[in-house]
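S.K.: Before anything else, here's the structure in question.
The values are calculated or read from the model by the stated rules, or taken from the named source; none is laboratory data. This structure is a prediction, so every number in the text was calculated from the model and none was measured. Virtual Cβ from ideal backbone geometry, glycine too; neighbours counted across all protein chains shown.
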Amino acid sequence: MADDLPKAITSREIAIPPLGLKAILTIPKHASGMIVFAHGSGSGRKSPRNNHVARALQEDGFATLLLDLLTPDEELDRANVFDIPLLAARLSMAARWVRAQAGLQMMPIGYFGASTGAGAALVAAARDEPDIAAVVSRGGRPDLAGEWLGKVRAPTLLIVGSLDGQVIDLNIKAFDALSVPKRMTIIDGASHLFEEPGTLEEVIIHASAWFAAYLN
C-alpha cells in the first residue's frame, strides 16, 4: 500500500483488538519511538494532514500508528466524536497493543493529537497505562482534558496558528494548567487547519524536535 515509502520503511493496514479498530502501522528501520495519532472530530486514519505529518516523522526515524478511534457503527452517533473519555480509552487501548507487540515492547510512545484528539491524548496520558513519553497538540483543544490537565505526566507541546484566535485562548488556559515540561508555539500566518503554504511544515519541525527530545 505504500509504494512511495523508502525501502527502509514498512507500512501495513492492521486491526487492533478487541474492537478491530482500523489502523495504519508504519515502522522505519531502527525506529526510536512510536507516535500514535489522535485525529480530530470526523477524521480518521486517512486524514491527509496527519498522513503528511506522519510521513515526515517516519523519515525522521519515528514509527507511527494512525488509527480510527471509533468503529463504523460508533461513528454514526455524532456524540461519540466528542466523547473525550471514550476517545482517550481507545488511544490507551492502541498504546497497550503496541506494548504487546514483539519488538515494540520497549519503544517509547508519544501521542500526536489534532483538534478534539488533543484533549483525548492528554486525558489518556494522564489517566491510563502505559506511560506516555511526550504529547504534541496541533490546532488542538487541550482544554477538553479538563481536570486531567494537572495530572498529565508527559512533556507537552501545544502548536496553534496565529489566525486561530479562540483556540489560542483555550490553549493558553490549558497551558497554564499543565505542570510538566511544556511549550506553546504559535505558527505565524496559520489558521486552524494549517492549510497555508509552509505552515504544516513548521508544525512538523517543532513536533519532530519535541519527540526527538523525549522519545529516547
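S.K.: If you take the residues in region 168-192 that are assigned to a loop (DSSP other than H, G, I, E, B) and in contact with a helix residue (DSSP H, G or I) (Cβ under 7 Å, 6 or more places away or on another chain), which one is nearest to TYR111 (Cα to Cα)?
M.R.: LEU178
S.K.: Specify the residue that is surrounded by the fewest Cβ atoms within 10 Å (Cβ to Cβ); the eligible residues are those in region 181-193 that are under 23 Å from GLY61 (Cβ atoms) and in contact with a strand residue (DSSP E or B) (Cβ under 6 Å, 6 or more places away or on another chain). Write out each step before concluding.
M.R.: Of region 181-193, the ones under 23 Å from GLY61 (Cβ atoms) are 181, 183, 185.
This time we only want the ones that are in contact with a strand residue (DSSP E or B) (Cβ under 6 Å, 6 or more places away or on another chain), so: 183, 185.
Working: ARG183: 14, THR185: 16.
Step by step, filter region 181-193, then rank; the result is ARG183.
S.K.: Determine which single condition ALA209 fails, assuming it passes every other condition in (1) of a type in the set (A, V, I, L, M, F, W, C); (2) assigned to a helix (DSSP H, G or I); (3) within 15 Å of LEU122 (Cα to Cα).
M.R.: Result: ALA209 fails condition (3) only.
S.K.: Conditions first: (1) surrounded by fewer than 20 Cβ atoms within 10 Å (Cβ to Cβ); (2) out of contact with any helix residue (DSSP H, G or I) (no Cβ under 8 Å at 6 or more places or on another chain). TRP210 passes all but one, so which condition is the exception?
M.R.: (1)
S.K.: So, in region 168-200, how many residues would count as being under 20 Å from HIS39 (Cβ atoms), among the aliphatic types (A, V, I, L, M) and at pLDDT 95 or above?
M.R.: Selection size over region 168-200: 5.
S.K.: To continue, here is another question. Among the residues of region 109-123, write down those that are at negative phi and touching a residue at least 60 places away in the same chain (Cβ under 8 Å).
M.R.: Within region 109-123, ILE109, GLY110, TYR111, PHE112, GLY113, ALA114, THR116, GLY117, ALA118, ALA120, ALA121 meet the criteria.
S.K.: Now for a separate question. Just give me the residues in region 95-128 being surrounded by fewer than 24 Cβ atoms within 10 Å (Cβ to Cβ) and part of a helix (DSSP H, G or I), in sequence order.
M.R.: Answer for region 95-128, where residues must be surrounded by fewer than 24 Cβ atoms within 10 Å (Cβ to Cβ) and part of a helix (DSSP H, G or I): ALA95, ARG96, TRP97, VAL98, ARG99, THR116, ALA126, ARG127.
S.K.: Please enumerate the residues belonging to region 93-120 that are modelled with pLDDT of 95 or more, closer than 22 Å to ALA174 by Cα and out of contact with any helix residue (DSSP H, G or I) (no Cβ under 6 Å at 6 or more places or on another chain).
M.R.: Listed by number, the list holds a single entry, PHE112.
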